[in-house]
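Asker: Handing you this structure, nothing more for now.
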Amino acid sequence: MGLRDWLRRRGTPRLVRRGDLIDLRFQSGVTQSRMRADAPDELVVDYTRTMLGALLLHPAPRRIGMVGLGGGSQAKFCLRHLPEARIEAFEIDPRVVAMRSDFHIPDDARLQVIESDAAHWLPRRHAAYDLLLIDGYDTTGIPAALSTQAFVDACRDALDLRGVLATNLFSADHAEHFARLREAFGDNVLLLDEPRQSNRVGFAWREGVQTDAVDVQAALAMLDPVARTQLAPVFARVHEALCGGVQSAL
């Protein structure tokens, strides 16, 4: 399927305002991104905070890759709270890129938005990132181009040896996607349910990450108070799962 046909099937992105909240939606009516107008860099949707639980494993990433820009929730959070980080975000839909001002995504030298297919570019990004956040969707779920073992392998290779990946698995076949992560990363994977939503977040990391040395308080101390408040419960959940606590069963 060509890009034009894919965009037609995806539907026209539109803004939906409900009080102080601004949503990005497509034809299915499913919210793709949500922003609070008076706090545009707050992580409003639960799974966006859970994905940034990856910062527990790599608290101070300097090179961040993102697949799927949407309303830029995570990009804005990282720009504000990780001042040493540079971000490269891939967004395939030009109509979404054109809406960045609606979602207060700033023109910042540390943020590069690439209007292109991440499946094409990631194989060229060998060891380019400390943190990679995958959140790419169409109306049927995770696009086919982001659902192959080759793409997941490219994500692994795009991380440096201490790199960490987090991916939103809002999909009926989440077990298949998680199995690809395990194929690429071996035992260095974790799957968490999102308690108040119908999706899961998968984590994976390269061999240089020492999970037995993770320190929640030390990781939180590297964040400013606002970020600390948003991520403290997530760090606790991720740490519990790493230590053998509750983890999503496949």
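The values are calculated or read from the model by the stated rules, or taken from the named source; none is laboratory data. Note that this is a predicted model, so its numbers are computed, not measured. Cβ coordinates were reconstructed from backbone atoms using ideal geometry, including for glycine residues, and neighbour counts include every protein chain displayed.
Asker: Six or more apart or on different chains, Cβ atoms under 7 Å: show the pairs whose first residue is in the stretch 197-220 and within 15 Å of Ala54 (Cβ to Cβ) and in a loop (DSSP other than H, G, I, E, B) and whose second is small (Gly, Ala, Ser) and at pLDDT 95 or above.
Answerer: Arg206/Gly163
Asker: If you don't mind, there's one more thing I want to ask. Only one residue in Ala89, Ala150, Ala109 is without any contact (Cβ under 8 Å) to a residue 60 or more places away in the chain, of a type in the set (A, V, I, L, M, F, W, C), surrounded by fewer than 16 Cβ atoms within 10 Å (Cβ to Cβ) and closer than 25 Å to Val209 by Cα, so which one is that?
Answerer: Just a single option satisfies the conditions, and that option is Ala150.
Asker: Answer with yes or no whether Val152 is in contact with a helix residue (DSSP H, G or I) (Cβ under 8 Å, 6 or more places away or on another chain), farther than 17 Å from Leu55 by Cα and not in a loop (DSSP other than H, G, I, E, B).
Answerer: yes
Asker: With the requirement that a residue be among the charged types (D, E, K, R), under 24 Å from Tyr129 (Cα atoms) and surrounded by 13 or more Cβ atoms within 10 Å (Cβ to Cβ), what does the stretch 186-236 give you?
Answerer: Answer for the stretch 186-236, where residues must be among the charged types (D, E, K, R), under 24 Å from Tyr129 (Cα atoms) and surrounded by 13 or more Cβ atoms within 10 Å (Cβ to Cβ): Arg200, Arg206, Arg228.
Asker: Go through the stretch 47-81 and give me each residue that's of a type outside the set (Lys, Arg), over 12 Å from the mean Cα position of the chain (by Cα) and surrounded by fewer than 24 Cβ atoms within 10 Å (Cβ to Cβ).
Answerer: Correct list: His58, Pro59, Ala60, Leu79, His81.
Asker: Kindly indicate which of Ala89, Ala172, Ala166, Ala109 is assigned to a loop (DSSP other than H, G, I, E, B), at pLDDT 95 or above and either under 13 Å from the mean Cα position of the chain (by Cα) or not charged (D, E, K, R) (or both).
Answerer: Working: Ala89 fails: assigned to a loop (DSSP other than H, G, I, E, B); Ala172 fails: at pLDDT 95 or above; Ala166 fails: assigned to a loop (DSSP other than H, G, I, E, B).
Step by step, each of Ala89, Ala172, Ala166, Ala109 is checked, and only Ala109 is assigned to a loop (DSSP other than H, G, I, E, B), at pLDDT 95 or above and either under 13 Å from the mean Cα position of the chain (by Cα) or not charged (D, E, K, R) (or both).
Asker: Right, next: Checking Gly65 against (1) touching a residue at least 60 places away in the same chain (Cβ under 8 Å); (2) of a type in the set (Gly, Ala, Ser); (3) in contact with a Gly (Cβ under 8 Å, 6 or more places away or on another chain), only one condition comes out false. Which one?
Answerer: Gly65 satisfies every listed condition except (3).
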